[in-house]
Amino acid sequence: MSPNYYAAFLERIGHTVRESNGVHWFDVFSRVWTCFPLETKLNPATIDLSKIMDHRGVMARFCCNVEDGARSFRHIVADRNYSLSSLGPKARNQTRQGLENCTSGPEDAQELGNDGIELHTRTFRRQGRKISDGHESYWRKYFDAVSQCPSATVWATRYQGALASFLISFRIGSVENICIIRSNEELLNFRPNNAMLYTFLQQAFSRADTTEVCIGLQSLQAGMNSLDLFKRGMGFEERPTGQRIEVRSTLGLPLPRVFAKLAGKAVERIHNEYAARLAGALSLYANQPVIRRTA
């Protein structure tokens, strides 16, 4: 599936997308850029940030060879024979419970509508994230853009008809990329997340052209061990890769590493998700190998 479909989706919800040497980049946050497909490993010595970010851009995140960045991993399943035997003992038990309690399958993004937005809102509040004034209108635009994207899949799990969890995945090339998972905390005892991931992975590998399902890079945010453990239990392996951060100052020059380390320590004191990610990015930048640039 062409990456252009995902690029068009991003533009519909307000992101800027640029292509450089066959790789797509977008402003994942204000002034912060990342690239896709995730499995692409770039050579940091040859990346010209001026062709990717405009004058306001300050940070870029991408994968590279392990020796060129921080040792990291992508969470993936690549086993075409994925089954209950692929799961850890605890996850296998919970998945059986989920399959007995819940029903899972594809859903239309627009029909998910209010229920999907409500799960978003509950998740944000549970994580201590601020609910902006434009929250609902943004997510309505998001679901509308998903419904127009040929490479998107919405997969949901219901308990007695009530929406218990859903995920949104985008197919880029031969890889399914799970970008969003949301769940109803009040229904977690019925194991909807286990049932949802298991049935989604099975249907993904029922297609001959699927090579892997990816659920993202190792998080920049500290304290994600329990989530990583859940993914491992559900059969996701941690495929090694390098992860690299490039940072420019407001003058367009590389940020000195000592400043990045001090800034990361200061940001750690702010207790919210975005600050935690920024602290992780600055720490990674301060400790990654120095690369002599040719671009």
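Values in this text are rule-based calculations from the coordinates and carry no lab data. Not measured: the values here are computed from a predicted model. Here Cβ is always computed from backbone atoms with ideal geometry, including for glycine, and neighbour counts include all displayed protein chains.
Taking 7 Å steps out from each Cα toward its Cβ at GLU111 and THR46 produces label points 4.7 nm apart.
Could you work out how far the C-alpha centroid of region 12-69 sits from that of region 96-174, in angstrom? Result: 27 Å between the Cα centres.
Under the definition of Cα pairs under 8 Å and six or more residues apart, what whole-number percent is the relative contact order of region 79-210?
32 percent
Between the Cα long axis of helix 257-267 and the first principal axis of the chain there is an angle of about 40°, rounded to the nearest 10. Rounded to the nearest 500, the helix-only mean residue ellipticity at 222 nm of the chain stands at -11000 deg cm²/dmol, with each DSSP H run of n ≥ 4 adding -39,500 (n - 2.57).
Summing charges over all other residues whose Cβ lies under 11 Å from the Cβ of LYS51, with Lys and Arg as +1 and Asp and Glu as -1, gives -2. Using Cβ point charges alone (K and R +1, D and E -1), the dipole size of the chain about the Cα centre works out to roughly 980 debye.
The amide H of HIS24, built 1.01 Å from its N in the peptide plane, has PHE36 as neighbours under 5 Å, considering only residues 5 or more places off or on other chains. Placing R0 at 30 angstrom, the Cβ-Cβ distance between GLU238 and TYR5 gives a FRET efficiency of 0.60 after rounding to 0.05.
Placing +1 on the Cβ of each Lys and Arg and -1 on the Cβ of each Asp and Glu in region 79-210, which of LEU187, ASN114, ALA91 has its Cα farthest towards the positive end of the resulting dipole? It is ALA91, whose Cα lies furthest towards the positive end. With respect to the chain, whose longest principal axis is taken over its alpha-carbon atoms, helix 3-12 is tilted by about 90°. Annotation: for a label point projected 7 angstrom from Cα along Cα→Cβ of HIS15, residues of region 209-226 with backbone N closer than 14 Å are 216-217. Computed from label points 7 Å out along Cα-Cβ, the spacing between GLU118 and SER219 is 2.6 nm.
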